[in-house]
Amino acid sequence: MAEEELAPEGEKKEKRSSRSILTDVQHAERSLAESRFGEVEVICTRILEDDPENRRARQMMVEVRLARKDMDEALRQIRELMAEDPRDARHHNLLGRYHNNLGFLDPAEECFRDAIDLKLEYPDAWNNLGHVLRRRELRTEAQACFRKALSSERRHGLANINLGSMMFEEGHLLPAIKHLQLGLQREMTHLPGQYNLALALHELGRFDEAIAGYRRLLAAGQQDADVYSNLGSALQAAGDTESALTAFRCALQKNPGHGPAVAGVAGILEVNGHLAEAEQLLSPFLGQPGRPPAIDVAYANVLKRTGRSAEALLRLAPIAKQKVEEPATMAPVHYVIGDLLDERGDHDRAFAHYVRANRLRRAQFSAEVRHEQINRLMTFFARDRFNILPRTHRDTESPVFIIGMPRSGTSLLEEIIAAHPEAYGCGELREVTTLAIRASYETRTHVPYPDCLEVIGDRKLYELSGFYLTRLYGMNTSAIRFTDKMWQNYEHLGFIQMMFPKAHIIHCRRDPVDTGVSCFVQSFGTAGPPFSYDLAHIGEYYNEYMRLMDHWHRDLDVQILDLNYEDVVQKPEETIRGVLDFIGLDWHPACLTFYENKRQVRTASHLQVRQPIYTKSVGNARRFLPHLGPLLEALDKGGNLPEQYAR
């Protein structure tokens, strides 16, 4: 943590005798808040020439000395101020900051407590005391101090950043993001706060926002290997593999031995089938002590792809027993071991490793919150309301939205359709969610989605839908159908109907137990769906998803095709013909040999869709049946447990 995490002094409240001096003081305060210390020094020097005893200007000069680490001069000036008025809480706060910056925590804590004794409602001092307590690993007491600062000043920049950073460290991602965003509104140049915000957004799966955060850090000069590597990881998760590779290689230019970046490059090479190149890249790092687990995970995946699964298991077994500073980095190790054991038929031991992997992830799912979210969507998008909501009246049939749960066959279906010469597979586009967020801003009412759609107007809605179409047509100029397989678009079908009333929506369904198990045993990379790390959560999420889909079927006019995964793999030609007919395309035999298509697949199913259709995934959850109690119970409560699992 940087030494200077302490709050600048608050604004002096008493009136000044000279209006021009007061104006200068206010100008200096604003410059200080924006860390423009040279400007502060110039203004305060001018003030002190006219008014040598101006206390606030003298205090701000101390701020400048502390920022520039001119500690001797800072102490001299503080002592002068203390001698003149030992009852001024600001002087004790400044002295505490002096001690803190030199690492003298005992006198720093004493000074901050003295400042609070003199002025109880003093958010800067409370924040600074919290900072010292945090450095001393007194986390509960530190958080209490940050909250006390915020009780006096809700938008206090550093108190929000410090509290948000602690929440991020503890895995409370949503409140962490809230506090970090609030704090950065005041402390816009605070790079550690920006970094923690980007990391929290990344871990929560909000990849576009995380990418923007990492890029802001790089633009601000924070160009170290960790930032580049995390940017690469977020870009890869967002499907931009080419840019991810560039970011990982930039990290390696900064630090040729950066383990996560090496593993990132190797992982992309492995996914693209360049197995020998990936192995060659990883080999020099395999014997290095202290290497990150990601190196061995990447190497094990290469070994598995080249038929050396036994060797992969031998390599990872001792790695799984290591103790590391960040336990979450061990999750991919256990996922791969689980896959290797499952491949050998050792299902019980495999499942135990999947359980360990998921426990190492930081789950952020609440069934109660999800229930309320679905209620809100269903209430807003009721059939009688559609009569008064804006419409674009577009007649385009180009968009094909493929929705459903993760691991329900959405990737397979997109590859089948994309093999058609008149179709293009766009992958998982985030545009609909982005437009839903943007709709709130476009109304200038700050009414959240979906309520903002009542006042957005036909013209603005038409503009938003135009952005989406521009994105599609910019990806391919000859196709007449474009698939968007962002599975979470099932939440936005009401919004989609408003924009594209003739869109084609294909709802991929799969046995819920098979779907749930497939989610649970899948390593989704950087950040998976937050419900996927716990069997009961998967079942609860599935129930809410089906509740919303039932609502859409009842209340929407847009056509929805329910497509069973089992039908696709058990009677492919008949089912594919029905799909093509639904989206208005003629039959083409290439759709049966989709696996020969060389286009890049950027999701967890990239290996499966490179093979001919197979049926072995149907009913494959039964191999883990003794361990599936929480999933089965949750599905049963929601009325979604298949009959074959009923007791």
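With Cβ to Cβ distances under 12 Å as the rule, what net charge do the other residues near GLU34 carry (K, R +1; D, E -1)? For residues surrounding GLU34, the net value is 0. Run a plain Debye calculation on the range 254-342 (Cα atoms as equal point scatterers, no solvent) and give log10 I(q)/I(0) at q = 0.13, 0.16, 0.24 Å⁻¹, rounded to two decimals, same order as the q list. So the normalised log intensities are -0.37, -0.57, -1.30.
Legend: Rg and Dmax of the chain, from Cα coordinates, 28.8, 91 Å.
LYS502 contributes about 100 Å² of solvent-accessible surface, heavy atoms of the protein only, 1.4 Å probe.
Ratio of alpha-carbon Rg to the 2.2 N^0.38 Å globular estimate for the range 92-244, to two decimals, please. Ratio of Rg to 2.2 N^0.38 Å for the range 92-244: 1.15.
The range 206-297: percent of C-alpha pairs farther apart than 15 Å?
Considering the range 206-297, 57 percent of its Cα-Cα pairs are separated by more than 15 Å.
Across all C-alpha atoms in the range 57-130, the radius of gyration and Dmax reach 11.1, 30 Å.
Expressed as a fraction of 2.2 N^0.38 Å, the C-alpha radius of gyration for the range 395-437 is 1.27. Cα-Cα pairs above 18 Å in the range 523-582: how many percent? That tail contains 60 percent of the Cα-Cα pairs. Across the range 429-517, Cα-Cα distances exceeding 14 Å account for 69% of all pairs.
To the nearest 10, the accessible area of CYS250 is 40 Å² with a 1.4 Å probe. Solvent-accessible area assigned to carbon and sulfur over the range 249-378 amounts to 51 percent, based on a 1.4 Å probe.
Would you mind estimating how fast the range 470-581 diffuses translationally, via Stokes-Einstein at 20 °C and 1.002 mPa s with the Kirkwood radius over Cα pairs, in µm²/s? Value of D from the Cα-based Kirkwood radius: 133 µm²/s.
With the whole protein complex present, SER229 retains an accessible surface near 10 Å², based on a 1.4 Å probe.
Taking amide H as placed 1.01 Å from N in the peptide plane, ASN564 has its amide H under 5 Å from the amide H of ARG509, each at least 5 places away in sequence or on another chain. Just how far, in whole angstrom, is the range 178-238 from the range 262-332 if you go by their alpha carbon centroids? Here the two parts' Cα centres lie 26 Å apart.
Of the solvent-accessible surface of the range 458-580, computed with a 1.4 Å probe over protein heavy atoms with every protein chain present, carbon and sulfur atoms account for 45 percent.
In this Cβ point-charge picture (+1 for Lys and Arg, -1 for Asp and Glu), the chain has a dipole of about 240 debye about its Cα centre. Within the range 201-259, the ratio Rg/Rh, alpha carbon atoms throughout and Rh by Kirkwood, equals 0.95. Computed with a 1.4 Å probe over protein heavy atoms only, the accessible surface of the range 396-449 comes to 35 Å² per residue.
The values are calculated or read from the model by the stated rules, or taken from the named source; none is laboratory data. Since the model is a prediction, treat every value here as computed from it, not as a measurement. For neighbour counting, all protein chains shown are included, and Cβ atoms are generated from backbone atoms with ideal geometry for every residue, glycine included. To get the accessible areas, we keep the full protein, side chains included, count just its heavy atoms, and leave off ligands, DNA and RNA. Shrake-Rupley method; radii C 1.70, N 1.55, O 1.52, S 1.80 Å.
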